[in-house]
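Participant: The structure's right below; bear with me while I get my questions together.
The values are calculated or read from the model by the stated rules, or taken from the named source; none is laboratory data. None of the values given here were measured: they were computed from a predicted structure. As a convention, Cβ positions derive from the backbone with ideal geometry for all residues, glycine included, and neighbour counts pool all protein chains shown.
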Amino acid sequence: MNRKHKSDLVILFSTLGLMAVGLIIIYAIGPMRANVLNSTYGTDYGSNDFFFGQLRSVILSLVAFFVAFKLIPYKYIRKYAKALIIFAIFLSALLWILAMSGSSLAKCELGECRWYNFGPVSFQPAEFLKLALVIYLADFLARKKEEGKIGKFQDFWLPILIVCGLSLFLVVIAQGDLGTGVALISIIFGTLLIAGVPAKQYLIMLALVLVVAVGAVATSSHRKERVDAWIATLSGSESTDSTYHIENAMLAIGTGGFFGVGIGNSVQATGYLPESINDSVFAIMGETFGFVGLFAIIAVFGAMLIHMLKVADTTPGQEERIMVIGVFSWTLAQVVVNIMAMTSLVPVTGITLPLLSYGGTSMVFIAFAIGLVSQVSCYTSREVKKNENISSGRGVRRSYHSSRRRNS
């Protein structure tokens with residue numbers, strides 16, 4: 001029987017717990033990060049600036065989570081699926097144009113322009129693109145499945161190739177962000193799989209994307225350098241500047257041992273490990289909390305992801321099921337790739353650890369997406385308990401997911 005009930009509390013408390021851990025680790029290493037930047041680049045960061053920045057991000061992310069969870073029904077959001085993806089692609093394209101024109105509105109670091117610069121506030125449109133792509137694909141794939149057009153070239157593959165191809169071009173090529181590209185690819189293939197795309201077509205598309213990915217690495221000296229550094233690390237070759245990052249990440253995790261060196265005692269955060277509060281935060285947590293701490297963090301992510309699959313499996317609405325799988329694929333890709341990069345299982349790539357890494361845009365949009373999953377979890381199928389009075393004041397009502405009618 002489908003009716004509104006309590007949300008999945010594991011997803012809720014996993015989200016809150018990960019945000020809290022991220023806030024603690026930024027509080028511990030933020031002053032070290034400020035000292036490194038001030039001494040290296042002559043900046044003027046205060047000892048608590050990064051902590052307050054992360055606190056602001058957590059507050060905004062909590063607002064985003066509960067807006068998606070409680071205030072905006074998903075049935076209203078899906079009405080604007082096309083408008084959202086068009087706007088997200090427009091923002092990414094505009095950033096590319098601004099960057100090429102040398103505008104101060106485009107914020108560039110290490111030769112890559114991935115942020116809008118609004119003075120003290122920056123915004124990364126690729127994070128919005130992830131969310132918009134999840135919502136668009138959920139709407140598009142559900143409609144095509146209902147119309148029986150899954151696998152048709154003109155009605156199905158052509159729109160998919162245009163929207164997804166343009167999104168990947170603007171992120172991977174224009175912004176040079178292969179890490180975000182991995183997340184987008186995961187969203188695309190996760191939703192295509194659950195939508196029931198024919199296996200042969202699915203494998204052909206997967207092979208095509210792999211060929212393009214290899215080409216993207218082969219034509220970029222920066223990416224080739226990262227791959228060479230990864231191979232050198234695996235083979236035990238002599239340390240070089242290119243292997244510095246991964247070697248210090250593994251050193252941080254190894255130094256932490258079983259129980260860690262304790263909060264505030266990190267050595268790698270004092271300037272040895274690059275991006276200690278962003279992409280490398282997993283290694284810093286390994287040094288701080290040890291193997292036990294890392295196991296607990298991975299277990300929390302695992303519980304969250306398993307319960308997302310449970311929500312997808314018990315959700316009556318096809319569109320909602322695809323949306324949940326999209327968010328699952330997005331989260332899984334970032335967790336797996338970040339952890340594998342920090343343990344030298346894949347080349348280092350710039351991808352944040354969801355809800356833990358420093359940064360506002362990434363956390364806000366993934367929190368909003370998880371909030372949508374939590375909203376859908378209130379309408380999953382379940383058995384009515386024998387002692388539950390179904391004629392009580394709460395009443396029995398059909399889920400808006402199961403009772404709606406779709407306009408073709």
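Participant: Give me the pairs, please: first residue somewhere in segment 1-20 and over 20 Å from ALA296 (Cβ atoms), second residue anywhere and of a type in the set (Lys, Arg) and modelled with pLDDT under 95, beta-carbon distance under 7 Å, and either six or more positions apart or on two chains.
Facilitator: ASN2/ARG398; ARG3/ARG397; ARG3/ARG398; HIS5/ARG382
Participant: Does segment 296-314 contain at least one residue that is of a type outside the set (A, V, I, L, M), buried (at least 23 other Cβ atoms within 10 Å of the Cβ) and at pLDDT below 95?
Facilitator: Looking through segment 296-314, none of the residues is of a type outside the set (A, V, I, L, M), buried (at least 23 other Cβ atoms within 10 Å of the Cβ) and at pLDDT below 95.
Participant: Could we say that VAL63 is touching a residue at least 40 places away in the same chain (Cβ under 8 Å), out of contact with any helix residue (DSSP H, G or I) (no Cβ under 6 Å at 6 or more places or on another chain), part of a helix (DSSP H, G or I) and not small (Gly, Ala, Ser) here?
Facilitator: For VAL63, the condition - touching a residue at least 40 places away in the same chain (Cβ under 8 Å), out of contact with any helix residue (DSSP H, G or I) (no Cβ under 6 Å at 6 or more places or on another chain), part of a helix (DSSP H, G or I) and not small (Gly, Ala, Ser) - is not met.
Participant: Looking only at segment 139-194, how many residues end up being more than 21 Å from the chain's Cα centre (by Cα) and not hydrophobic (A, V, I, L, M, F, W, C)?
Facilitator: Matching residues across segment 139-194 total 12.
Participant: Here's another thing I want to ask about it. Which condition number in (1) over 30 Å from LEU372 (Cβ atoms); (2) in a helix (DSSP H, G or I); (3) without any contact (Cβ under 8 Å) to a residue 60 or more places away in the chain is the one that GLY46 fails?
Facilitator: With respect to (1) over 30 Å from LEU372 (Cβ atoms); (2) in a helix (DSSP H, G or I); (3) without any contact (Cβ under 8 Å) to a residue 60 or more places away in the chain, GLY46 is out only on (2).
Participant: Any idea how many residues of segment 218-228 are without any contact (Cβ under 8 Å) to a residue 24 or more places away in the chain and among the β-branched types (Val, Ile, Thr)?
Facilitator: Total meeting the criteria: 1.
Participant: Considering only segment 293-315, I want to know if a residue exists there that is in a helix (DSSP H, G or I), among the charged types (D, E, K, R), over 17 Å from GLY17 (Cβ atoms) and touching a helix residue (DSSP H, G or I) at 6+ places or on another chain (Cβ under 6 Å).
Facilitator: no
Participant: Could I ask something else about it? Need at least 3 residues that are touching a Leu at 6+ places or on another chain (Cβ under 7 Å) and of a type outside the set (Phe, Trp, Tyr) per element, so show me which helices (runs of 4 or more DSSP H) inside segment 140-219 make the cut, counting only ones lying wholly within it.
Facilitator: 178-195
Participant: Any idea which of SER103, SER122 is surrounded by fewer than 19 Cβ atoms within 10 Å (Cβ to Cβ), of a type in the set (Ser, Thr, Tyr) and farther than 23 Å from PRO354 by Cβ?
Facilitator: Only one candidate qualifies: SER103.
One line per residue, one yes/no per condition, for (1) in contact with a helix residue (DSSP H, G or I) (Cβ under 6 Å, 6 or more places away or on another chain); (2) closer than 30 Å to LYS144 by Cα; (3) modelled with pLDDT of 85 or more:
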| residue | (1), (2), (3) |
| --- | --- |
| VAL335 | yes, no, yes |
| MET340 | no, no, yes |
| SER344 | yes, no, yes |
| SER357 | yes, no, yes |
| SER374 | yes, yes, yes |
| SER377 | yes, yes, yes |
| SER391 | no, no, no |
| ARG394 | no, no, no |
| ARG398 | no, yes, no |
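Participant: Every residue in segment 229-285 that is touching a residue at least 40 places away in the same chain (Cβ under 8 Å) and among the β-branched types (Val, Ile, Thr), please.
Facilitator: THR233, ILE246, ILE253, ILE263, THR270, ILE277, VAL281, ILE284
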